[in-house]
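These notes are about the structure you will find just below.
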Number of protein chains: 2
Amino acid sequence: MKPNKSVPTIQDVAREAGVSPSTVSNVLNQRSRQTSKETRERILEVARQLNYQPNAMAAALRRRSTRTIGVIVTTILNPFYTAIVRGFQDAARQHGYSTILGNSDDDPGQEREMLNTLRAKQVDGIVIVTTGGCHDTIQQVRDLGVPIVMVDRGDPGLNIDSVAVDNTRAAEAAVGYLVGLGHRRIAIISGLTSGVPTRAHRLQGYLRGLQAAGLDAPESSQQIMSTSIENGSLAAGRLLDLPDRPMAIMATNNLLSIGVVQEIRRRGLQMPRDVSFVMFDDPEWACLHSPGITTVAQPIQEIGARAFALLEGRIQKTRTGDAEAVVLPTTLVMRGSCGAPPKL
Amino acid sequence: MKPNKSVPTIQDVAREAGVSPSTVSNVLNQRSRQTSKETRERILEVARQLNYQPNAMAAALRRRSTRTIGVIVTTILNPFYTAIVRGFQDAARQHGYSTILGNSDDDPGQEREMLNTLRAKQVDGIVIVTTGGCHDTIQQVRDLGVPIVMVDRGDPGLNIDSVAVDNTRAAEAAVGYLVGLGHRRIAIISGLTSGVPTRAHRLQGYLRGLQAAGLDAPESSQQIMSTSIENGSLAAGRLLDLPDRPMAIMATNNLLSIGVVQEIRRRGLQMPRDVSFVMFDDPEWACLHSPGITTVAQPIQEIGARAFALLEGRIQKTRTGDAEAVVLPTTLVMRGSCGAPPKL
DNA sequence: TTGAAAGCGGTACCAT
DNA sequence: ATGGTACCGCTTTCAA
């Protein structure tokens, strides 16, 4: 254990190679300046020998660019967001960017705190799944010159680049699919829609789908509650207790969906014999369940990749002007949980 | 859109408040130095008004501490690692640290690259789930004075702090449980053990468990192959085709486990009627499956929290000297997938 | 083809 | 109780 051999600096390399720091800097960064082959090789050799690693802090301070991007999601415990993050990170790393990752836990306070931390750390850009609760801070940071891209949840009024899927159409399509199978009483279980456009859009798509098919949308078949496994079970229970029991249920949130699946099993009912079921996102367990669960899948990795592309454009200033709103299509993954409705 | 209002610096605050930068720095960092109430309040007010945020780069450069920690895992697409990361991040954030997150994809090359990036970024410490393929780099970075904690997979020969669970005992206990249920032919499906102590330990525990019960451990009931869903199915198929079909199967990896579950279902067999099954880690789908799957659960969030505690100790130098190896116990979560063996 | 030197924005020591 | 100022390690003109 040899502590504090003191980390070598560019000065050390320069001295050891008998040149000036400027020359070392130029060689190591492969900048345009011409350097004689011998000098270059000597420098490279010395750097390798000293196990020299440039201090990115110092470089960033001077260059005013950290080659680091901040990413804020609600929680990486949700595989959906993890996948987005991964898609983004892969794209970012390929272009030489690191990422600082933060969770907001869907709490505007934490989101604001993260935003300020990222600003302090001088990130070159920020990708955020916003809670919707601190648009003021987002604006501030953006006005300070930090490019921002909103992911999964955008906001038309904010003039900030965004990447999201077309949730309205996705929900509408799912309803259409159920209608096509012969269902008429189709229920929805959704998280609270206030401030979360994603959820509002899905609900809207659901209603549109019903309307397009000329079906009723009674209040009783719309269970809107905060997202948790327990509430999913609760909602499913309420629906299944209805005198006019729905033939099919659509859940627009992962946690709620888990609750639904559990409640259906708990009652000894089977999909799709007793009730059809379709859910959003496409978690690992959807295909492990028996029967497999039909889902509305999002092009997750692409969302991340597109988000990076947008951000990169702003960072490099190859793209300026008004915000761009990328809307990606979803895919209906048909598995065994949906079928013809039970005969009456 | 008002670009480049030019970010305010400590100089701006100082000028505006009619004091020197030193005073501002002292006030904003709540350092010991005495400052008159008026001055302090004036400074705070001006800072707020200018929406001033200190440049963490500059501070880090001077203070030689970034209050940032690097985290390297194999992949955040695996919820097991995500949970560890989250546990770690929560602890870290509470103590004022941000985290830079990187994936190695179980590739030593990428791991090395990440390590060097983190070094360049002057992180105060590193937490790593190592591939085992670049201990040299890890040593180097550590010798340069960067505290490192190894998580999930340690290495006795490296004198580096580590946090892991007692995989040997966990596997042994699981086998003991199966034996207690009356099973005699107990098979294992494991990932390749070379260079991955975790897996080797689980295999070892399996063998010990059998030995303790006086049972044979024929080669044919030990399926060792690279981890993938397909291989899980393949391995399960081989076992189920055996003339002396195993009464119980233990899988020590998540992907392999998925394959096993699928293969069992594909053959129209049922757990635990036809075969009992126990697996490692406790993914979300284990309890959603019907029947619920018995698992060896790890105290995931605690692993992360303990890792931070170890690292923090090194960073603050409140702990010096030899490496510490924290070993946490696992829990056997009994669900429906294990039962008495089929009568012959 | 190379070197000297002025910063980047804070921090912390030494004065006053 | 406060100010002056030399750094931290690198980049980047400008000069040679």
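The values are calculated or read from the model by the stated rules, or taken from the named source; none is laboratory data. All values reported here derive from a predicted model rather than from experimental measurement. Glycine gets a Cβ as well: all are built from the backbone with ideal geometry, and neighbour counts include every protein chain shown. Just the protein is used for accessible areas: all its heavy atoms, side chains included, with ligands, DNA and RNA removed. Shrake-Rupley method; radii C 1.70, N 1.55, O 1.52, S 1.80 Å.
Values for this structure:
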| quantity | calculated |
| --- | --- |
| Of A:LYS37/A:LYS317; B:LYS37/B:LYS121; A:LYS121/A:LYS317, pairs whose Cα-Cα distance is over 28 Å | A:LYS37/A:LYS317; B:LYS37/B:LYS121 |
| Computed over segment B:125-177: relative contact order in percent, which uses C-alpha pairs under 8 Å that are six or more apart | 31 percent |
| Helix B:254-266 vs. chain B, principal-axis angle (Cα, 0 to 90°, nearest 10) | 40 degrees |
| Segment A:10-54, relative contact order [Cα under 8 Å, separation at least 6], % | 43 percent |
| Rounded percent of accessible protein surface that carbon and sulfur make up, chain B, 1.4 Å probe | 49 percent |
| Net charge of Cβ neighbours under 10 Å - reference A:ASP274; Lys, Arg +1; Asp, Glu -1 | +3 |
| A:VAL149 long-range amide H proximity, modeled H, under 5 Å | A:ILE126, A:VAL127, A:ILE128 |
| Distribution of pairwise C-alpha distances over segment B:1-66, 10 Å bins, in % | 20, 50, 25, 4, 0 |
| Chain B: calculated mean residue ellipticity at 222 nm from DSSP helix runs of at least 4, using -39500 (n - 2.57) | -13500 deg cm²/dmol |
| Sequence-separation-based contact order of chain B, relative, with Cα cut under 8 Å and 6+ spacing, percent | 17 percent |
| Per-residue ³J(HN,Hα) for segment A:194-199, Karplus 6.51 cos²θ - 1.76 cosθ + 1.60, θ = phi - 60°, Hz, x for Gly and Pro | 5, x, 10, x, 3, 5 |
| Exposure rank, largest accessible area first [A:SER190, B:SER220, A:SER32, B:SER228; 1.4 Å] | A:SER32, B:SER220, B:SER228, A:SER190 |
| Debye intensity ratio I(q)/I(0), log10, the protein assembly as shown, q values 0.06, 0.08 Å⁻¹ (C-alpha model) | -0.42, -0.73 |
| Cβ-based net charge around A:GLN223, under 15 Å, with every Lys or Arg adding one and every Asp or Glu removing one | 0 |
| Test item: Cα-centred dipole of segment A:10-54, Lys/Arg +1 and Asp/Glu -1 on Cβ, debye | 180 debye |
